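A short reminder: the numbers here are calculations on the coordinates, not readings from a lab. Keep in mind that what you see is a predicted model, and the values were worked out from it rather than measured. Here the Cβ is made from the backbone with ideal geometry for all residues, glycine too, and neighbour counts use every protein chain on show.
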Amino acid sequence: MKVLFVDSVHPSLQQKLESNNFICHQELSLSKSEIEEVIIDYEGLVIRSRFNIDQKFIDKASNLKFIARAGSGLENINVEYAKLKNIRCYNAAEGNRQAVAEHALAMLLSLFNNIIKSDEEVRNGIWRREDNRGIELSGKTLAIIGYGNNGSAFVEILKGFKVKILAYDKYLDNYSYKSSMNNIFNNADIVSLHVPLTKETEHIVNSGFINKFRKNIYVVNTARGKCVNTRDLVNAMKEGKVKGACLDVLEYEKSSFETLSESGGKGEMKFLIESKNTILSPHIAGWSSESNIKISKVLYHKISSDFIF
């Protein structure tokens, strides 16, 4: 089988495929339209988020047998249409689940303990102890929205912090810490998102969602930026309904996740950047050295299970 790599992934994936007589080519600089002209020659495609795999692209890829995405979500692939064309679609959420969980915890602890703020102050000769008195994670009620790979991994590393965990996943039946959304609205101190981006989850966190909480809350988002309506979040922070936010992903990211849009949400972004109640990072929660290797291992296992006999 011939496989085209259009995004960079850990080289072990290509090495293992080639050791099993796959023919692998890399085209990391060609445009989407240029790739559309050659994709007919390939049975496999490996991508991260460089461009969308839409119906037009799939129609041109008439020999494609699989699309492997080196990441957790599949929102940049028209999965339903791919299935109609008998193309298997793989993701690798198992590969970065630990990295995402650790990053979410790191952001939350940094916010609660004023790590970023106090570090900056000390580096500038400012020694403020009382102003940087933190709060403990222990004893808080933390709601996990989405109990798949990332949500369940986050729960595992939270167990030592003596937090009460409430989990909600619309698409699972039996899972630990199962709760109703009503129970979450009544009791949660912290809400952490671990859902894929779909029509249903886009702007799932909006003013209506936030105002259902009995307490003032903290919001953690390591899922997808568009799961949060940033304007509503900022307004809730100004009103004190949201006490703080840990955002690894932002609504204004371009679809490749490599940069922010220059036009979207300038006022909201200015607020988030200037706020002392935010922790921001550039979509790197799943971006560890270890996850880079594990993602390739996961994809190889899935591809080999179907195409190596």
Length-normalised contact order of the stretch 97-280, Cα under 8 Å, at least 6 apart, in percent, tallies to 19 percent
The exposure ranking of THR201, THR230, fewest beta-carbon neighbours within 10 Å first, is THR201, THR230
Output ordering of 76-85, 268-277 (per-residue mean of other Cβ within 10 Å, highest first) is 76-85, 268-277
Rounded to whole Å, √(5λ) for the Cα gyration tensor eigenvalues of the stretch 2-91, largest first, gives 18, 14, 13
Taking the dipole of the stretch 33-167 about the Cα centre (Lys, Arg +1; Asp, Glu -1; charges at Cβ), the one of LEU84, LEU105, ALA68 that reaches farthest to the positive side is LEU105
Taking Cα atoms only, Rg over Rh for the stretch 97-280 with Rh from the Kirkwood formula is 0.96
Here FRET efficiency (C-beta to C-beta, ILE273 to TYR175, R₀ 30 Å, nearest 0.05) is 0.25
At the level of C-alpha centres, the distance separating the stretch 104-169 and the stretch 26-103, in angstrom, is 34 Å
Here, SER19 and LYS297, labelled 7 Å along Cα→Cβ, have an inter-label distance in nm of 1.3 nm
Checking GLU202, GLU36, GLU75 against a Gaussian network model of the chain (alpha-carbon springs below 10 Å), the top fluctuating residue turns out to be GLU36
Of GLY267, GLY208, GLY125, the most mobile residue in a GNM of the chain (C-alpha springs, cutoff 10 Å) is GLY125
Two pseudo-spin positions, 7 Å from Cα along C-beta at ASP131 and at ASN182, lie apart in nanometres by 4.6 nm
Cβ density ranking, 10 Å radius, fewest first, applied to MET1, MET107 yields MET1, MET107
Rounded to the nearest 5, the percent of antiparallel DSSP beta bridges in the stretch 97-280 equals 5 percent
DSSP beta bridges in the chain: the antiparallel percent, rounded to 5, is 5 percent
Rounded to one decimal in nm, the spacing of the 7 Å Cα→Cβ label points at GLU36 and SER12 is 3.6 nm
With the label point 7 Å along the Cα-to-beta-carbon line of ALA106 and a cut-off under 20 Å to each amide N, the hits in the stretch 208-228 are 219-225
Rounded to the nearest 500, the 222 nm mean residue ellipticity computed for the chain from DSSP H runs (n ≥ 4, each -39500 (n - 2.57)) alone is -11000 deg cm²/dmol
In the neighbourhood of GLU43 defined by beta carbon distances under 12 Å, the net charge of the other residues (Lys, Arg +1; Asp, Glu -1) is +1
A chain fully extended from GLU80 to ILE157 at 0.36 nm per residue, minus the present Cα-Cα distance, gains in nm 24.3 nm
For LYS65, the lysines lying under 24 Å Cα to Cα, once residues fewer than eight places off in the same chain are dropped, come out as LYS2, LYS16, LYS32, LYS56, LYS83, LYS85, LYS294, LYS297, LYS302
Under the Karplus relation with 6.51, -1.76 and 1.60 and θ = phi - 60°, whole-Hz ³J(HN,Hα) for the stretch 265-277, x at Gly and Pro, equal x, 4, x, 5, 5, 4, 5, 4, 5, 7, 6, 7, 9
Any residue on another chain or 5+ positions along whose placed amide H is under 5 Å from the amide H of LEU166 is listed here as LEU142, ALA143, ILE144
Shape descriptor, the chain: equivalent ellipsoid semi-axes (Cα gyration tensor, sqrt 5λ, whole Å, largest first) stand at 38, 21, 19
Quick note on TYR168, TYR175, ordering by fewest other C-beta atoms within 10 Å, gives TYR175, TYR168
Most fluctuating of TYR171, TYR42, TYR252 in the GNM of the chain (C-alpha, under 10 Å) is TYR171
